[in-house]
Amino acid sequence: MQDELNVSAPVPAEAIKPAKRRIPWPSGRIGRVRYISIVLGLVVVYSALLSLTGLLLTLSGVSPVVAERTLQLFSAVLFVPLMGAILFWSIERVHDMGLSGWVALVVFVPYVNLLFWLWPGKREANAYGPQPTSASLLLRMLVLMVVAILVLIYATTLWYGPIMPEQPGPPPTDLPIYRE
C-alpha cells in the first residue's frame, strides 16, 4: 500500500555526497567569503594585466592613438573571459543559496549583484551539494579589510566627488598687443 502512494523519506545530510567537479561547468556550492575573494582576485588580475599592457605600450614608444586603440581592444578581449569566470562562480554562489543557476545572470545588473556578497547561503545540504567548508580566519580578515577599503573609497568619492585637475580658465584679456 505504501509503495502505491510513493511516499519517500527525507534524505539525511550525510547521504548527500559532494558533487564531483565537472570542469568547465559549475556543479557545486561556494560560500560568500570565497566568492568575494575570487571575484576581487579576478578583478585585480584583470586590472594588473591592463596596467601592464598600458605600461608596455607607453614604453614601446608607439603613438598615443595606437596605444589607446590597442589597450581598448585588449581590454575588450580580456573582459569576455573575466565575465565568464565571474558568471561561473556566481552560479556556484546561487547554488549555495539553494537557487537555480539561471539566477546568476543577475550578476550583470549593477548594484543588484551585491546581493551575492550579502545573501547568506543555506546552512544545510541542498540539491547542489553539502554546505561548503568555512573559509579560514585569514581569508575572512583579508576580505573584510579589502571590502572595508572599497567602501571607504566609494564613500569618499560620494562625499568629495571625483578629484579632477583644475580646468584652465579663459586666457587673460589684458595682454599687450605687439605691432611690427
Contact list, first residue from region 68-88 and at pLDDT 90 or above, second anywhere and surrounded by fewer than 15 Cβ atoms within 10 Å (Cβ to Cβ), beta-carbon distance below 7 Å, six or more apart or interchain, is LEU78/LEU49
Of (1) out of contact with any Phe, Trp or Tyr (no Cβ under 8 Å at 6 or more places or on another chain); (2) of a type outside the set (S, T, N, Q); (3) within 13 Å of PRO26 (Cβ to Cβ), VAL107 fails just (1)
Of LEU71, LEU56, LEU52, the only residue that is touching a helix residue (DSSP H, G or I) at 6+ places or on another chain (Cβ under 6 Å), part of a helix (DSSP H, G or I) and over 30 Å from GLU124 (Cα atoms) is LEU71
Considering only region 107-131, how many residues are out of contact with any Ser or Thr (no Cβ under 7 Å at 6 or more places or on another chain), among the hydrophobic types (A, V, I, L, M, F, W, C) and not in a loop (DSSP other than H, G, I, E, B)?
6
Qualifying positions in region 144-161 - without any contact (Cβ under 8 Å) to a residue 24 or more places away in the chain and surrounded by 10 or more Cβ atoms within 10 Å (Cβ to Cβ):
LEU144, MET145, ALA148, ILE149, LEU150, VAL151, LEU152, ILE153, TYR154, ALA155, THR156, THR157
Breaking point among (1) within 25 Å of SER27 (Cβ to Cβ); (2) exposed (fewer than 14 other Cβ atoms within 10 Å of the Cβ), for MET141:
(1)
Given LEU50, LEU73, LEU78, which one is farther than 20 Å from TRP117 by Cα and either under 15 Å from the mean Cα position of the chain (by Cα) or buried (at least 18 other Cβ atoms within 10 Å of the Cβ) (or both)?
LEU78
Filter pass, GLU92 being under 22 Å from SER27 (Cβ atoms), acidic (Asp, Glu) and touching a helix residue (DSSP H, G or I) at 6+ places or on another chain (Cβ under 7 Å)
no
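The values are calculated or read from the model by the stated rules, or taken from the named source; none is laboratory data. Predicted model, so just to flag it, every value in this text is computed and none were measured. With ideal geometry, Cβ positions are generated from the backbone for all residues, glycine too; neighbour counts draw on all protein chains shown.
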